[in-house]
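Working notes for the structure below.
Read the figures in this text as sums done on the coordinates, not as results from a lab. What you see is a predicted model, and the numbers here were worked out from it, not measured in a lab. All Cβ positions, even for glycine, are placed from backbone atoms using ideal geometry, and neighbour counts span all protein chains on display.
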Amino acid sequence: MARIVRSRESITIAVDAMGGDHAPAVVVAAVAEASLRGGVGQGVNFLLVGDEIAMTEALFELDHNSERIQLFHAPTVIGMGERAQVALEARADASIVQACALVQAGEADALVSAGHPGAAVLAATRHFGLVPGLGRAALASVYPTPRVRGEAEDPFSLILDVGASLRAKPDELLGFGLMGSAYARIVSRNERPRVALLSNSRESTMGTPEVVRAHELLSRHEAINFYGNIEGHEIPRGLADVVVCEGFVGDVAIKILEGVSEAAFDLARSAYHERVAWRMGLKLLSGGLQKIKQLTDFEAYGGAPLLGLEKVVILCHPRSGRRAVGNALRLAIKNVRAELPVAIAEALDTGTSQG
């Protein structure tokens, strides 16, 4: 396929075509659809990275704009059951590694992958530098709340870190707050997002030493609209627009939120078949239940940003279908156009931490 000619005005998104449970078919289909979509904008191109034969066969069956898609051959893929570090060291020709290398070399502006999350995070952090002033990158995730926020009336709050690393120092938690604020301003158009620190108590003196110190730093930083501490049961209420926590805690919290929503629908499905009265009640509530289902559908949001790196990285859920990957592509394009890493760097330069 003809090489894409890049200009200063163009955007190229590198896509790990082999990543995810349904790769490469759904990933290639999402890119093919995006290449035809006028709403993506002029000058947006896609670099599909993976097994060239498999990608070519998938594209052959689809309508697409060949002038906006380039293929790059990467013969191997890192499976979901593999240990990320071992697999990365053994296979430099894996699709996620080659996609990162292409972004690092300036052949693309952003990376989108639905593959092995651990391998994607590790590969990205090895290839891309941190935004100056940050000590650690953070994987952010969204969750639905009853509140909407910003000009975009976004029903989602952001929580970070949710697994890029296990532990975080107080100054790194401060960095998470600054990154989350910058992201909320860009995506939700929320000019002054409320930032909260996840703890076991509302009291500023409670929690681990790292959390107590992080509370001091967050409360003193002029660039952060600090709400204070929140407890786990307050997360779904949407009291904060950005929730800051260590990666281990955030990973557990977001999986609990996902599990609760799935359990609610399982209970409703079971109740529907149990009694006629319950069935009638559920029919009356069907509109509300459908709205909740739409909010909790990860496909609607697309992917989770890996914040703090000098390049835009969006990671999709491994179960992602074409819709989710397509929305992740939109999110990557939006973040590149908004120069998200620059916005994060500016947030770090704004205000003073007196810690």
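Could you state the number of Å between the C-alpha centres of the range 76-140 and the range 152-200?
22 Å
In nm, what is the difference between 0.36 nm times the number of residues separating residue 349 and residue 126 and their Cα-Cα distance?
77.8 nm
Taking the alpha-carbon distance from residue 169 and a cut-off under 14 Å, which aspartates and glutamates remain once sequence neighbours fewer than 8 residues away in the same chain are dropped?
Result set, ordered by chain and number: 161, 210, 216, 246.
Once you place label points 7 Å from the Cα toward the Cβ at residue 60 and residue 205, how far apart are they in nm?
Calculated label separation equals 7.2 nm.
Sticking with the crude label model, points 7 Å out along Cα→Cβ, report the distance from residue 191 to residue 220 in nm, one decimal please.
Taking the simple label geometry, residue 191 and residue 220 are separated by 2.9 nm.
Between residue 52 and residue 339, 0.36 nm times their residue separation minus their Cα-Cα distance comes to what?
100.2 nm
Hey, for a label at residue 256 modelled as a point 7 Å past Cα toward Cβ, could you say which residues of the range 111-154 have their backbone N under 16 Å away?
143-144
Could you list which residues have their amide H under 5 Å from that of residue 194, counting only those 5 or more apart in sequence or on another chain, with H placed in the peptide plane?
241, 242
Take each of the peptides 176-182, 212-218, average the number of other beta-carbon atoms within 10 Å over its residues, and list them starting from the highest.
For the peptides 176-182, 212-218, the packing ranking is 176-182, 212-218.
Could you list which residues have their amide H under 5 Å from that of residue 148, counting only those 5 or more apart in sequence or on another chain, with H placed in the peptide plane?
none
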